[in-house]
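Working notes, structure below.
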Amino acid sequence: MNGNTCNLQSPASKKAQSHWAGVWRQFRKNKGAMAGLIVVLLAILTALTIGFFVDYDEHVIRQNIPMRLQPPSLEHPLGTDELGRDLMVRILYGSRYSLAVGFGSVGIAALIGIALGAFAGFYGGYKEDVVMRLTDIFAAIPGLLLGAVIVASLGASLTNLILALGLASIPQFVRITRASVLTVRDQEYVEASWVIGLTGRKIIFSHILPNCLSPIIVTATLQVAQNIISASAMSFLGLGVPAPDPEWGALLSAGRSYMRTHGYLTLFPGLSIMLIVLALNLLGDGLRDALDPKLKR
């Protein structure tokens, strides 16, 4: 047997690779989306590696009262906070918490929401009605309010904040997944799958969901940005990551008492939130354009 036989790929596999290669080519044409991707990757890299370079107890939470409220300088590029801690170090370390909340909560919401949306869209009938009416009830409650109630009930912690925002984000994924499934469930390849005896679960996960990924990916990217804002708002109100952990919303809350005299305490955490949210929105817009076949040139 020819050794090259092992490298042969099925037509479906080649088609999928060609599709994603085309998406990447289209995505690269969007300079804003590429800039957003670079910022997001740098933020993720910082969050993953900052612990190797910065000692949490020594540089992040240790108080140094003689150095409190120092303006930006060569020694402390972003200044120091009300307890003498380096603000730049705390912002960099705080990326761990903000990104963990954003991606973790969206992961929970996507896992539950995609399953429910696919179930409702594929089977229809009363099953769809039950899922969508429960989704409508959930969606009628403002996400920030629902998250605040959950955190207030379970206690303020990183885990509870991720859980709260994850549950509050489920309706978005249920709706977008159901709508996507409805557009493909009557296609010929789905009917052929029924004919050859595949189960409904196999058809959903092997044939339907892979063809519904585009809008789900875009929704997930934009929802990460939204959940980072929500997490910052909840931490600002004292319902997020508890002190002394330097989550960006908590840094904003701590610096608000010094806005008139030491504005940098709120300026730099606010800019950090704005930058990562802007980058995620640019990334989401770029993905939407690249994944939309109508916009491909």
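The values are calculated or read from the model by the stated rules, or taken from the named source; none is laboratory data. None of the values given here were measured: they were computed from a predicted structure. Here Cβ is always computed from backbone atoms with ideal geometry, including for glycine, and neighbour counts include all displayed protein chains. Only protein heavy atoms, including side chains, enter the accessible area calculation; ligands, DNA and RNA are left aside. Shrake-Rupley method; radii C 1.70, N 1.55, O 1.52, S 1.80 Å.
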Quiz prompt | Values of log10 I(q)/I(0), in the order q = 0.12, 0.17 Å⁻¹, for region 108-238 under a Debye, Cα-only, solvent-free model | solution = -0.51, -0.86
Practice problem: Please grab the % of Cα pairs in region 102-165 that end up more than 14 Å from each other. | Solution: 63
Quiz item: Separation between the residue 24 and residue 141 pseudo-spin-labels, each 7 Å from Cα along Cα→Cβ, expressed in nm?
Solution: 4.2
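Per residue, how much accessible area does region 36-125 have with a 1.4 Å probe, in Å²? Present the calculation step by step, with values, prior to reporting the outcome.
Numbers: 4370 Å² over 90 residues.
Solvent-accessible surface per residue comes out at 49 Å².
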Exercise. Please calculate the 1.4 Å probe accessible area of residue 256, with all protein chains present, and give it to the nearest 10 Å².
Key: 120
Quiz prompt | With DNA, RNA and ligands ignored, accessible area of residue 285 (1.4 Å probe; Å², nearest 10) | solution = 60
Quiz item: Which of the helices in the chain meet the span-like rule: DSSP H, Cα axial reach of 18 Å or more, Kyte-Doolittle mean at least 0.5?
Solution: 31-53, 87-123, 170-184, 213-236, 264-291
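With only alpha-carbon pairs counted, each pair once and no self-pairs, how large is the Kirkwood hydrodynamic radius of region 175-248 in angstroms?
15.1
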Quiz prompt | Where labels lie 7 Å past Cα in the beta-carbon direction, separation of residue 112 and residue 129 in nm | solution = 2.5
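For the chain, what is the mean residue ellipticity at 222 nm derived from helices alone (per DSSP H run of n ≥ 4: -39500 (n - 2.57); sum divided by total residues; nearest 500 deg cm²/dmol)? Before the final figure, lay out the partial values.
Details: 12 runs with 204 residues, N = 297.
One gets -23000 deg cm²/dmol as the mean residue ellipticity at 222 nm.
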Quiz item: On full extension of the chain, what length is gained from residue 211 through residue 153, given 0.36 nm per residue of separation minus the C-alpha to C-alpha distance?
Solution: 17.0 nm
Quiz item: With springs only between Cα atoms under 10 Å, which of 152, 115, 192 fluctuates most in a Gaussian network model of the chain?
Solution: 192
Exercise. Round to the nearest 10 and report in Å² the accessible area of residue 207, as given by a 1.4 Å probe over the protein chains' heavy atoms.
Key: 60
Practice problem: Give the value in nm², to one decimal: projected area of the alpha carbon convex hull of region 159-206, averaged over all directions. | Solution: 4.2
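Roughly speaking, to the nearest percent, how much of region 143-270's 1.4 Å accessible area is carbon and sulfur? Could you put the intermediate results ahead of the total?
Numbers: 3680 of 5950 Å².
Ligands and nucleic acids excluded, carbon and sulfur reach 62 percent.
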Quiz item: Per q in 0.07, 0.15 1/Å, what log10 I(q)/I(0) does a Debye calculation on the alpha-carbon atoms of the chain return?
Solution: -0.36, -1.16
